[in-house]
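Working notes for the structure below.
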Protein chains: 2
Amino acid sequence: MLRDVIRAGETYAIAPGIDRAAVRALWMRAPLETHVAEIDGAAAGTYYIKTNQQGGGAHVCNCGYVVDTRARGRGVARAMCLHSQARARALGYLAMQFNFVVETNRPAIALWESLGFATVGRLPRAFRHPHEGLVDARVMYKWLAD
Amino acid sequence: MLRDVIRAGETYAIAPGIDRAAVRALWMRAPLETHVAEIDGAAAGTYYIKTNQQGGGAHVCNCGYVVDTRARGRGVARAMCLHSQARARALGYLAMQFNFVVETNRPAIALWESLGFATVGRLPRAFRHPHEGLVDARVMYKWLAD
């Protein structure tokens, strides 16, 4: 499911030609936790949670989510984001930040907004979309601790 | 000079207790280039340049700058930033992004603004300053290619 999303190159700033070991490092070794969502025992999505910045920034976590193309429209991303917020609080994080939400990824933006994330930054032409050309990316953020 | 800045913990989101090897990895191995500024043959500052995001985000670079405490107020940061912008253009980058400029680092913000960087994001309470408590961090950005 990661391969499909990475090869499409439309939503994540990951090199489409990245090899299996590098994907594993990115999604499973670097993060603090990696989770898999299941529907009827079959993998439907995955997300990671990691510390976004070290030192004075270490109270803010970052997550990445991928839903299997065959499981779209079934609330998997919402369920994973809610789960990740609970995990973040349990791990002691005070906030969650998405560093790079591609502007054309409208469903994701709408979902994150509905779950309490605000757009706190806009990176002009920071993403080269394979079909749309240079588009903006958003920084989205939610304070978890209040 | 890196040790002084990292131990102070006031401007970079780097763990103050980071060891020498990790600093080397962060400042010299992960980046594409690392430069040293000299005044009369003595090191006065250093900066790195690296790709900020992979894949569709790989046309945007990121830099980090540190000025030796004994060389403050002599234009070293300005000179390094101008040099880094020239290097960025030469390397083919279209934009430069600073991911995490701590709000209390007023001299840096004023300098980046004077050099054409705009604040494109504001991360609420994203940095725990050792003396000021939780403060905002800015995302700053400059398009280089126009």
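In this label model, B:Thr119 and B:Arg7 are separated by 3.2 nm, measuring between points 7 Å along each Cα→Cβ vector. If you average the C-alpha positions of region B:13-27 and of region A:77-146 separately, how far apart do those two centres end up, in angstrom? Cα centroid of region B:13-27 versus Cα centroid of region A:77-146: 28 Å apart. In nanometers and ordered shortest first, the copy-to-copy spacing of the A:Met1 label point, defined 7 Å from Cα toward Cβ, is 4.8. Pairwise Cα distances in region B:6-146 exceed 19 Å in 53 percent of cases. Distance from the B-onto-A rotation axis is smallest for the Cβ of the chain B residue given, in whole Å, as B:Gly121, 1. Comparing A:Cys61, A:Val101, B:Pro16 along the charge dipole axis of the protein assembly as shown, the residue lying farthest to the positive side is B:Pro16, per the Cβ-charge model.
Take A:Leu134, move 7 Å from Cα toward the beta carbon, and the resulting point lies 3.6 nm from the same point in each other copy, nearest first. Only beta bridges with both residues in chain B are counted; by DSSP, about 90 percent of them are antiparallel. With a Förster radius of 45 Å applied to the C-beta separation of B:Arg20 and A:Ala42, the computed FRET efficiency comes to 0.45. Per-residue surface analysis assigns A:Thr51 an accessible area of about 40 Å², computed on protein heavy atoms at 1.4 Å probe radius. Between the amide H of B:Phe127 and those of B:Val135, B:Ala137, distances stay under 5 Å, these residues lying 5 or more places away or on another chain, with hydrogens modeled in the peptide plane. Computed over protein heavy atoms with a 1.4 angstrom probe, the accessible surface ordering of A:His129, B:His35, largest first, is B:His35, A:His129. Other residues lying with their Cβ under 15 Å from the Cβ of B:Asp40 contribute a combined charge of 0, Lys and Arg counting +1, Asp and Glu -1.
Overall shape of region A:40-110 was characterised from the C-alpha gyration tensor. The equivalent ellipsoid obtained from it has semi-axes of 24, 15, 9 Å, in decreasing order. Across the identical copies, the 7 Å label point of A:Pro107, projected outward along Cα→Cβ, sits 5.0 nm from its counterparts, in ascending order. Across peptide B:99-105, the mean count of Cβ atoms from other chains lying within 10 Å of each residue's own Cβ comes to 2.
Here the dipole of region B:8-131 is about 140 debye; that uses its Cα centre as origin and unit charges on the Cβ of Lys and Arg (positive) and Asp and Glu (negative). For the pair B:Arg72 and B:Arg29 in one chain, pulling the backbone fully straight at 0.36 nm per residue adds 12.9 nm over the alpha carbon distance. Counts of other chain beta carbons within 10 angstrom of each beta carbon in peptide B:116-128 average 6.
The values are calculated or read from the model by the stated rules, or taken from the named source; none is laboratory data. As the structure is a computational prediction, the values presented were derived from the model and not from experiment. Methodologically, a virtual Cβ is constructed for each residue, glycine included, from the backbone with ideal geometry; neighbour enumeration extends over all protein chains shown. To get the accessible areas, we keep the full protein, side chains included, count just its heavy atoms, and leave off ligands, DNA and RNA. Shrake-Rupley method; radii C 1.70, N 1.55, O 1.52, S 1.80 Å.
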